[in-house]
Amino acid sequence: MKYIVIIGDGMADWPIERLDGKTPLMAAHKPYMDMMAQDGYCGKVLTIPDGYPSGSDVACMSLFGYNPAKYYTGRAPIEASGMGIHLDKNDVAFRCNLVYLAIHPDKTFMGDYSSGHITTEEANILIQDLNKELGSKEFIFFPGVSYRHVMLWKDGMWEMETTPPHDITGKEILDYLPKGKGADRLISLMIDSRRILEGHSLNRKREKASRYPANSIWLWGQGKKAQFPLFKDNHGLTGATVTAVDLVKGISRLAGFDTPRVEGATGYLDTNYRGKANKAIELLSDHDIVYIHIEAPDEASHEGNIDEKIKAIENIDREVVGPIFESVGDFVKFLIVTDHATPIAMKTHHATPVPFTVFQKHNRIGGCPSGYDERAGERLFDGEALIKFFITGH
């Protein structure tokens, strides 16, 4: 038996008036996902336990079968693992977004958490220049993908409160700056970054082109080194993951999975959907289980863009689920799932049970008449139990 897990990040939502009370999942044309739900087993999974942040770090960890209560140390150390950054036991990793701050005489607002989805090439220049100016033996900046980067604080402090920038789009930032022991050091770095970035030639070019400048860093998601037992030791299966997002690469590498690069995979709406599907089909030949993670629905939700979210869901169905379904044999089992809800109305993540379906061509059992959406299934699993059920059937 071979296994495919397809994670459409942030697909779940709330009913939307413009869609006549439907969610984007209900409104999207997705014949393959609907067929799998109608002929397979449906249920819901609680990927974010009570008391944990409602992000893809916790949710995707759950969907790889790792209980966050046992293994979660923070978001940034997982991303650091995905980027190949070594952490000593006393080091603290922080997620470092390149953001656009809307600065007014008396107030400063979070204008855009991604600096208008700055390109990876542009962002790498800015992060490298920041490291030259602000980096030291204590603080080191590492470039990642698009707006997503990592800062390492050697022998740093981490027991403080920080806020994801995508949670505060359009809000005044003062109440959301880091709080607690060591927070003053982070705030100082964020202020200093503005001095370097606001006048940077690259940002001046972006402004002339009517694009958001990346005029500040935003530090959050801190944590110490993460460690997981290998997935193979837990389940006896070798694995690989297709993703453009360092966070999911980090979880995968900690699980002992291969994480090959796919040309054109961006972690955004313009990602190479078909390239991801083709890579997953290729990986199935020498791996037992392959995860495919697609970020696009989540990004559309953060932007509050209903049409793009529906388009992203339809792209996943047409360009990922469909080609894999048509290419594999009867003895491949599918898990279609989303990691968390990202309601358009909120523009951020929401912790709630989300739908899944388990499907196998030669074992059609009759599942949810409505297809794959938020109405699917009644039985509730946690992530660890879902992966065990997916693999073993009980």
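Table: residues versus (1) out of contact with any Pro (no Cβ under 9 Å at 6 or more places or on another chain); (2) more than 22 Å from Ile168 (Cβ to Cβ); (3) surrounded by fewer than 17 Cβ atoms within 10 Å (Cβ to Cβ).
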site	(1), (2), (3)
Glu121	yes, yes, yes
Leu134	yes, yes, no
Glu138	yes, yes, yes
Ser146	yes, no, no
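Is region 339-356 home to any residue that is more than 17 Å from Ala27 (Cβ to Cβ), over 19 Å from the mean Cα position of the chain (by Cα) and buried (at least 19 other Cβ atoms within 10 Å of the Cβ)? Checking region 339-356: not a single residue is more than 17 Å from Ala27 (Cβ to Cβ), over 19 Å from the mean Cα position of the chain (by Cα) and buried (at least 19 other Cβ atoms within 10 Å of the Cβ). For region 142-158, a tally of residues being within 17 Å of Asn90 (Cβ to Cβ) and β-branched (Val, Ile, Thr) returns 1. Within region 203-224, the residues that satisfy the criterion of being in a loop (DSSP other than H, G, I, E, B) and more than 22 Å from the chain's Cα centre (by Cα) are Ala209, Ser210, Arg211, Tyr212, Pro213, Asn215.
Here Leu134, Leu87, Leu174 are screened, and the one residue that is under 13 Å from Leu219 (Cβ atoms), of a type in the set (A, V, I, L, M, F, W, C) and not assigned by TED's automatic domain parsing to the domain that holds Gly264 is Leu134.
Let's see how each residue does on (1) β-branched (Val, Ile, Thr); (2) touching a Lys or Arg at 6+ places or on another chain (Cβ under 8 Å):
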site	(1), (2)
Ala296	no, no
Ser301	no, yes
Gly304	no, yes
Glu308	no, no
Asn315	no, no
Gly322	no, no
Gly329	no, yes
Val332	yes, yes
Ile336	yes, no
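Looking only at residues of region 1-41 that are acidic (Asp, Glu) and touching a residue at least 24 places away in the same chain (Cβ under 8 Å), we find that the one that is surrounded by the fewest Cβ atoms within 10 Å (Cβ to Cβ) is Asp39.
Scoring Ala76 on the criteria (1) touching a Gly at 6+ places or on another chain (Cβ under 6 Å); (2) surrounded by fewer than 17 Cβ atoms within 10 Å (Cβ to Cβ); (3) hydrophobic (A, V, I, L, M, F, W, C) leaves a single failure, condition (2).
Filtering region 167-176 to residues that are in a helix (DSSP H, G or I), under 22 Å from the mean Cα position of the chain (by Cα) and modelled with pLDDT of 95 or more leaves only Tyr176. Being under 21 Å from Ala59 (Cβ atoms) and touching an Asp or Glu at 6+ places or on another chain (Cβ under 7 Å) is the filter here, so list the residues in region 1-25 that pass it. Those that are under 21 Å from Ala59 (Cβ atoms) and touching an Asp or Glu at 6+ places or on another chain (Cβ under 7 Å): Tyr3, Ile7, Asp9, Gly10, Ala12, Thr23, Pro24, Leu25. crowded, with 24+ Cβ neighbours inside 10 Å, assigned to a helix (DSSP H, G or I) and over 14 Å from the mean Cα position of the chain (by Cα): is that true of Ser81 in this structure? Against the criterion (crowded, with 24+ Cβ neighbours inside 10 Å, assigned to a helix (DSSP H, G or I) and over 14 Å from the mean Cα position of the chain (by Cα)), Ser81 qualifies.
Looking across region 177-202 at every residue that is in a helix (DSSP H, G or I), without any contact (Cβ under 8 Å) to a residue 60 or more places away in the chain and of a type outside the set (D, E, K, R), the one that is surrounded by the fewest Cβ atoms within 10 Å (Cβ to Cβ) is identified as Ser201. Across region 357-394, the qualifying residues are those that are more than 23 Å from Ala28 (Cα to Cα) and of a type in the set (S, T, N, Q), and the one among them that is surrounded by the fewest Cβ atoms within 10 Å (Cβ to Cβ) is Thr392. Taken over region 225-241, the criterion of being part of a loop (DSSP other than H, G, I, E, B) and at pLDDT 95 or above is satisfied by Pro229, Leu230, Gly236, Leu237, Thr238. All of Ala69, Ala93, Ala102 fail the test of being closer than 30 Å to Gly156 by Cα, free of Cβ contacts under 8 Å to residues at least 60 places away in the same chain and part of a strand (DSSP E or B), apart from Ala102.
The values are calculated or read from the model by the stated rules, or taken from the named source; none is laboratory data. None of these values were measured; they are calculated from a predicted model. Neighbour counts run over all protein chains shown; Cβ positions are idealised from the backbone, glycine included.
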